[in-house]
1. Add -39500 (n - 2.57) for each DSSP H run of 4 or more in chain B, then divide by its residues: what number comes out at 222 nm, to the nearest 500 deg cm²/dmol?
2. Express the accessible area of segment B:77-187 per residue in Å², computed with a 1.4 Å probe while the remaining protein chains stay in the model.
3. Residues of segment B:112-158 losing 30 Å² or more of accessible surface, assembly versus chain alone, probe 1.4 Å, please list them.
4. Could I have the simple spin-label model distance between B:Glu108 and A:Ser151, label points 7 Å from Cα toward Cβ, reported in nm to one decimal?
5. On the protein heavy atoms, probe 1.4 angstrom, tell me the percent of accessible surface of segment A:26-103 carried by carbon and sulfur.
6. Provide the per-residue ³J(HN,Hα) series for segment B:189-205, in order, calculated from phi with Karplus coefficients 6.51, -1.76, 1.60 and θ = phi - 60°, each as a whole number of Hz, with x at glycine and proline positions.
7. By the scheme Lys and Arg +1, Asp and Glu -1, what is the net charge of all other residues having a beta-carbon under 11 Å from that of B:Val36?
8. Give the calculated FRET efficiency between B:Arg71 and B:Ser194 to the nearest 0.05, with a Förster radius of 51 Å applied to their Cβ-Cβ distance.
Amino acid sequence: MSTDTEAPIYTKSALEFKSSSFSSPVLVIHTTELKQITHQLKEKIAQAPEFFKNSPVLIDLQHCNDDEHPIDLGQLITTLHAEKLFPIGISSANEDQKLIAIKYHIPVHTIRGTHSDISTTKSVSTQNKPQEGTEKTKDGTINAIENMLISHPVRSGQRIYAKGDLTILSHVSAGAEVMAEGNIHVYGALRGRALAGVQGNPESRIFCSALQAELVSIAGHYKTSEDLDKLEQHQPTQISLQDQALIINNL
Amino acid sequence: MARIIVVTSGKGGVGKTTTSAAIAMGLAKKGHKTAVIDFDVGLRNLDLIMGCERRVVYDFVNVINGEATLRQALIKDKRCNQLFILPASQTRDKDALTQEGVGKILEELSKEFKYIVCDSPAGIERGANLAMYFADDAFVVTNPEVSSVRDSDRMLGILASKSRRAEQGEEAIKEYLLLSRYSPERVKLGEMLSVEDVQDILSLHLLGVIPESKSVLNASNSGIPVILDEESNAGQSYSDIVARYLGEDVPHRFIDEEKKGLFGKLFGRK
Ligand SMILES: Nc1ncnc2c1ncn2[C@@H]1O[C@H](COP(=O)(O)OP(=O)(O)OP(=O)(O)O)[C@@H](O)[C@H]1O
Ligand SMILES: [Mg+2]
């Protein structure tokens, strides 16, 4: 079923290479100070431990490699492993770092130029060639097949992924996760996690009849329930992204 | 064709077995041939509550393994000739149940019975999954507290994606809420969630509210499904639930605080 991702897939041949895309958080490093990185990483993870547990991450070094002293990549990888994060790729690495990455069995990505199969949730993907989502909005047509309509409550433990917009006519329970490459509309209370624009579209928005969410995210910029508690809304609410910050307002 | 009902919850100790025994007896008393199956392999509880523990010879696992026929294993209730009990094994572990084996038994029972009630074990593991896999209807038993409601929500998610009906793309399992161990007094004190609170979280069709009642423990201690205690409010609420399930229009009771008359005040019956 489309609401569950755990169903095994059986094919006749033993294996097959397929081209597919998935989303992964991107860790953009701003400093070469490992102590500082470790400290802030722990803080972030403490806010949403389940979200990060055993999560894949893509390391983006473009903002820390300008310094004369490049970051010690081996140490960084060790730090991430210690926090139960699994680096699955590195971008903007210098030649030495590339060699280290390979040594750790981590693929090296060149974000500009060649296109990789990995589409990412954060700023990196905005530099990619235009995403399907943006292409669609450009010519103003909405592909009905890409959009998804769910007419029942999304229950705790369920995950839903829409390649376009996602419309839910009921509520999203605590412990449920809804994701869309486009907008998310919830015509009930949003109590679980909602991630819009997961392929990096910063124009995407989340709408809900009541906001009691565990996490909301647009194009990788997120707020957890800790930040949201103060902002809990019992009325129709819109969440959008402005200058890299989530804006929450009543409709 | 039989209608297969799973009594499920996620969380343990919320009243699944109590409910299974009561509604199976209720359906049988209405003249429908009913079987009630204990899926709680390793614990064995249903036969105690049904008061037939001393008549158990073969069990569910024996039948799955081909060591006994269904006819040999089914225990006919002494109070109602339309009711049969298929007990669980106390000596096996949960792995003794297989999907194929369960499917075969349910298919065979379906030929003869009108309703098959499956008493699910707690949790969301194998036993619980097998109990719900073949279901047509799900009675989700929930207590008015946050953890129980959460677990029910999780169970509802599993019902919607991992059942036979879901896998084969058939019409979804019909889900009903049974809110059990409800105490309007404690709701008023803010110690319990109200019916509205629970409905707000689960958005589920409410089949009935079963009040917290001493009569439940008394009944199970003496091996009598509480629905047979017609004096007790819990028994009455299960009768209402069976009637509603069968399509009768019965108003909800036991949601608001009982206004005790002079008689009630003097004798304080509960
Ligand atoms: N309405 C009620 N009022 C008071 N006590 C109740 C009520 N319903 C159930 N109980 C009590 O709660 C306990 C658990 O009930 P029961 O065995 O039916 O739950 P269960 O969900 O089957 O548990 P398990 O998950 O262990 O199988 C029993 O002691 C029972 O007497
Ligand atoms: Mg039980």
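The values are calculated or read from the model by the stated rules, or taken from the named source; none is laboratory data. Note that the coordinates shown come from a computational prediction; the quantities given were computed from them, not determined experimentally. All Cβ positions, even for glycine, are placed from backbone atoms using ideal geometry, and neighbour counts span all protein chains on display. The area values use the complete protein model at the heavy-atom level, side chains included, leaving out ligands, DNA and RNA. Shrake-Rupley method; radii C 1.70, N 1.55, O 1.52, S 1.80 Å.
1. Mean residue ellipticity at 222 nm (helix-derived): -11500 deg cm²/dmol.
2. On the way: 4570 Å² over 111 residues.
Normalised by residue count, the accessible surface of segment B:77-187 is 41 Å².
3. Going by heavy-atom accessible area, the residues of segment B:112-158 that drop by at least 30 Å² are B:Arg150, B:Asp153, B:Arg154, B:Gly157.
4. Rounded to a tenth, the inter-label distance reads 4.0 nm.
5. 53 percent
6. 7, x, 8, 9, 6, 8, 3, 5, 4, 5, 5, 4, 7, 9, 6, 9, 5
7. It works out to a net charge of -4.
8. 0.60
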